[in-house]
Number of protein chains: 2
Amino acid sequence: MLDDRKAAVLRAVVREYIETAQPVGSAHVARTTDLGVSPATVRNEMAALEREGYLAQPHTSAGRVPTDLGYRFFVDQLTGPGALPAVQRQQVRDFFAKAHGELEQMLHDTSSLLSGLTSYAALVLAPPSERATVRSVQVVGLTDRAAMVVVVLSNGTIEKAMLELDADTGDERLAAASTHLSAHLGGTSLTDRTHMPATGDQRLDALVDTVVSAIGDPADREQNHVFVGGASRMAAAFDAVDTVRQVLAILEQQYVVVSLLREVIDHDTVQGIAVSIGTEHGLQSLAECSIVVAPYEIEGEPVGTVGVLGPTRMNYPQAMAAVAVVSERLGRTLSA
Amino acid sequence: MLDDRKAAVLRAVVREYIETAQPVGSAHVARTTDLGVSPATVRNEMAALEREGYLAQPHTSAGRVPTDLGYRFFVDQLTGPGALPAVQRQQVRDFFAKAHGELEQMLHDTSSLLSGLTSYAALVLAPPSERATVRSVQVVGLTDRAAMVVVVLSNGTIEKAMLELDADTGDERLAAASTHLSAHLGGTSLTDRTHMPATGDQRLDALVDTVVSAIGDPADREQNHVFVGGASRMAAAFDAVDTVRQVLAILEQQYVVVSLLREVIDHDTVQGIAVSIGTEHGLQSLAECSIVVAPYEIEGEPVGTVGVLGPTRMNYPQAMAAVAVVSERLGRTLSA
DNA sequence: TCTAGCACTCGGTATCATCGATTGCTAGAG
DNA sequence: CTCTAGCAATCGATGATACCGAGTGCTAGA
């Protein structure tokens, strides 16, 4: 591993580069660290760090820039997320104090909050509906041949699906189906396939079956459950307009974002925070980005994630602090 | 007004500039138009057009670039939207042939479609819920003190609101409220304040009142009803990363987008298409953008709008064609 | 009224020198 | 053996200079 001094030099380079986005020279490091050593010594260390893959030189006569590995070391040696400035802590507290009501609205607002705190794009993954139990199922006729199923879940979200009907399905039958379904699915999760007892009325049973299969289809359920806030801030993080375009294109694909978050959080989470740097995740177009995510918990169970997406030279301690605080408060608010 | 030749020159400059994004010189215009006229003559015309405000010169020895006024003339003299290439027309047809089911999903997909057709950002405004009538109202208890009201509307959308309850409101009372509300609000629009007859049960009446005021609040209803697709394509349209940032920031503010669309469509719609060029609308940060919108109609009534947002040098005929076709097909599909 | 001709303007590009930040290396000090 | 001071070398950034060429405006003549 790296000896103390190398580590200190690397730390200094990363910190400085995060702040200025300019290659960092040996003189600067010698000045800003309190190892009383000369630039020449720092140079030797930096050369070694470059050989070992932690630093890179854009060109011969420039300073050093951290590689993904360099950032990785920097992040791993952090003892924990940084501390958020008092104003920001207060801001988070105020936000969650006022937060109330609809889950989705709240998650959406949370993504704006987090993006504001970090000035990166924020990603908030909603609790999977599998974890919530059914409170009510209702089949509502819209036209002769179309109906809508609305399922209210215990976490305050709603799943809906369209349904095609036989032409002469009466309103009473829809009402009967609603009652029957509410009675038998109530308290279960949408993923459990509870067996539906027959009602004696064949056409009713057929209707009930149609409904069950319509709402059982998890295809679109995954989709609409990620909230991306402050994507425009990615534009400020890069100066190549094409990089911006690629990143935004990714953020528009909800499915990709969801799997990305999943992948990152499954990969390596320490102290409840997972960080993916540069190419560590597979997406080519996000090679210049890092991701910081933390799960949030409802009643002790991790149910969703919040995270930020920023340039690899993001301010990791600050981002980790913001993500940690927000995930914690969000979980607490949702548990109440 | 402009004589024929001036108009032809202006048209040529606009067309060329839209295609190349490079200032257009007199020689080029002389070559590409079939007025058998020399560059010198074109120069005179261009100088005149500049004096009259239709063209501008980035610097003395460059070609001319259209001003907003120039684009305006160009757009106004179009006899109608262009024709979409056959592949694209087919693409639209296929899309709406497969489209089905949920309104919101469909509008969302429509925004992707339109963005794909034009390579600009697409904006789709959902029909205002005022136009739909209530099909069902249901109050579902989530916890002791919180309930959710779910209103299913005739157009297949859902409005929901959270509700605080007195501690000991029983499930039966919630059910009674649901029935009562469905019965009396069914068929009305959410904006009509129907008078609720008393039920004889004071606490039930109080609950019903609470629900009515909760769902009557149109505050958040406006919000979530605009779909922005392909925002990332704005990055390709500009080369200043800061312009991109500003535009994206606007697109993230749903409220602003909604009012913008409203404003544009109210302002000047000809042949069902409204175009706002550059600074014609008020938003400073969209000074380099133009907007093309068209209303779509359900059963002959205009209910929402589709549009695209692109750089002022967008391909107007193509964008107008795409918007026209999509709005027409969307309306037709929703009317079915 | 149009056009040919021509001088002029001015941004873009290439060339070149300079500057300065930074490095790697070497020799010597601790 | 480690550190440092010194020094030559590297290379991008900056700026000056010149040149080219696209494009213009103007004038004179058809």
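The values are calculated or read from the model by the stated rules, or taken from the named source; none is laboratory data. Predicted model only: the values in this text are computed from it and were never measured. Glycine also receives a Cβ, built like all others from the backbone with ideal geometry; neighbour counts cover every protein chain displayed. These accessible areas exclude ligands, DNA and RNA; they are computed on the full protein's heavy atoms, side chains included. Shrake-Rupley method; radii C 1.70, N 1.55, O 1.52, S 1.80 Å.
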_Condition (residue is within 14 Å of chain A (Cβ to nearest Cβ), of a type outside the set (S, T, N, Q) and under 22 Å from B:Gln22 (Cα atoms)) applied to region B:257-266: is it met by at least one residue?_
no
_Of all residues being β-branched (Val, Ile, Thr) and either over 17 Å from A:Ile277 (Cα atoms) or open to solvent by 10 Å² or more (accessible area, probe 1.4 Å) (or both) in region A:317-333, which is modelled with the lowest pLDDT? Just the residue, please._
A:Thr333
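Table: residues versus (1) at pLDDT below 90; (2) more than 14 Å from every other protein chain (Cβ to nearest Cβ); (3) assigned to a strand (DSSP E or B).
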{"residue": "A:Asp192", "(1), (2), (3)": "yes, yes, no"}
{"residue": "A:Pro197", "(1), (2), (3)": "yes, yes, no"}
{"residue": "A:Glu222", "(1), (2), (3)": "yes, no, no"}
{"residue": "A:Val228", "(1), (2), (3)": "no, no, yes"}
{"residue": "A:Ala231", "(1), (2), (3)": "no, no, no"}
{"residue": "A:Met234", "(1), (2), (3)": "no, no, no"}
{"residue": "A:Thr243", "(1), (2), (3)": "no, no, no"}
*Positions within region A:263-282 being surrounded by 14 or more Cβ atoms within 10 Å (Cβ to Cβ) and not small (Gly, Ala, Ser), in sequence order*: A:Glu263, A:Val264, A:Ile265, A:Thr269, A:Ile273, A:Val275, A:Ile277, A:Thr279, A:Glu280, A:His281
*Looking at region A:57-69, which of its residues are among the polar types (S, T, N, Q) and near DNA strand D (Cβ under 10 Å from one of its atoms)?*
A:Gln57, A:Thr60, A:Ser61
*Quickly run through region A:164-195 and pick out the residues that are over 36 Å from the mean Cα position of the chain (by Cα) and either farther than 24 Å from B:Gly186 by Cβ or among the basic types (Lys, Arg) (or both).*
A:Arg173
*Does region B:25-36 hold any residues that are within 7 Å of DNA strand D (Cβ to nearest atom) and either assigned by TED's automatic domain parsing to the domain that holds B:Met314 or touching a helix residue (DSSP H, G or I) at 6+ places or on another chain (Cβ under 6 Å) (or both), and which are they?*
B:Ser26, B:Ala27
*Considering residues of region A:164-186 that are open to solvent by 50 Å² or more (accessible area, probe 1.4 Å) and not in a helix (DSSP H, G or I) only, the residue farthest from the other protein chains (Cβ to nearest Cβ)*: A:Asp168
*So B:Gly116 clears everything in (1) of a type in the set (Gly, Ala, Ser); (2) part of a helix (DSSP H, G or I); (3) in contact with a Ser or Thr (Cβ under 7 Å, 6 or more places away or on another chain) except one condition, right? Which one?*
(3)
*Tell me, yes or no, whether region A:102-123 has at least one residue that is open to solvent by 10 Å² or more (accessible area, probe 1.4 Å), modelled with pLDDT of 85 or more and at positive phi.*
yes
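Okay, residues lined up against (1) under 24 Å from B:Ala287 (Cα atoms); (2) among the hydrophobic types (A, V, I, L, M, F, W, C); (3) modelled with pLDDT under 95:
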| position | (1), (2), (3) |
| --- | --- |
| B:Arg31 | no, no, yes |
| B:Asp34 | no, no, yes |
| B:Arg43 | no, no, yes |
| B:Pro58 | yes, no, yes |
| B:Ala62 | yes, yes, yes |
| B:Gly70 | yes, no, no |
| B:Phe73 | yes, yes, no |
| B:Gly80 | no, no, yes |
| B:Gln88 | no, no, no |
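Residues checked against (1) more than 20 Å from A:Val308 (Cα to Cα); (2) more than 13 Å from DNA strand D (Cβ to nearest atom); (3) of a type in the set (Gly, Ala, Ser):
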residue	(1), (2), (3)
A:Ser38	yes, no, yes
A:Leu55	yes, yes, no
A:Gln88	no, yes, no
A:Asp109	no, yes, no
*asked:* Looking only at region B:142-158, count every residue that is without any contact (Cβ under 8 Å) to a residue 12 or more places away in the chain and either part of a loop (DSSP other than H, G, I, E, B) or more than 12 Å from chain A (Cβ to nearest Cβ) (or both) and tell me the total.
replied: 2
*Matching residues, region A:40-51, being away from DNA strand D (no atom under 12 Å from the Cβ) and without any contact (Cβ under 8 Å) to a residue 12 or more places away in the chain*: A:Arg51
*Has region A:13-24 got any residue that is more than 14 Å from chain B (Cβ to nearest Cβ), within 12 Å of DNA strand D (Cβ to nearest atom) and open to solvent by 50 Å² or more (accessible area, probe 1.4 Å)?*
yes
_Cβ contacts < 7 Å: first residue closer than 12 Å to B:Ile265 by Cα and among the basic types (Lys, Arg), restricted to region B:284-309; second residue open to solvent by less than 40 Å² (accessible area, probe 1.4 Å) and not in a strand (DSSP E or B), any location; separation 6+ or different chain. Result?_
none
*Please tell me if B:Ile298 is more than 15 Å from the chain's Cα centre (by Cα), of a type in the set (Val, Ile, Thr) and surrounded by 19 or more Cβ atoms within 10 Å (Cβ to Cβ).*
yes
*asked:* Between A:Gly278, A:Gly216, A:Gly272, which is more than 14 Å from chain B (Cβ to nearest Cβ) and either more than 29 Å from A:Met106 (Cβ to Cβ) or among the aromatic types (Phe, Trp, Tyr) (or both)?
replied: A:Gly278
*Only one residue in A:Val124, A:Val139 is in contact (Cβ under 8 Å) with a residue 24 or more places away in the chain, part of a strand (DSSP E or B) and more than 10 Å from chain B (Cβ to nearest Cβ). Which one?*
A:Val124
*asked:* When you check A:Ala161 against the structure, is it in a strand (DSSP E or B), in contact with a strand residue (DSSP E or B) (Cβ under 8 Å, 6 or more places away or on another chain), within 29 Å of B:Gly187 (Cα to Cα) and within 14 Å of chain B (Cβ to nearest Cβ), yes or no?
replied: yes
*Quick one: would you say B:Arg72 is within 16 Å of DNA strand D (Cβ to nearest atom) and open to solvent by 30 Å² or more (accessible area, probe 1.4 Å)?*
no
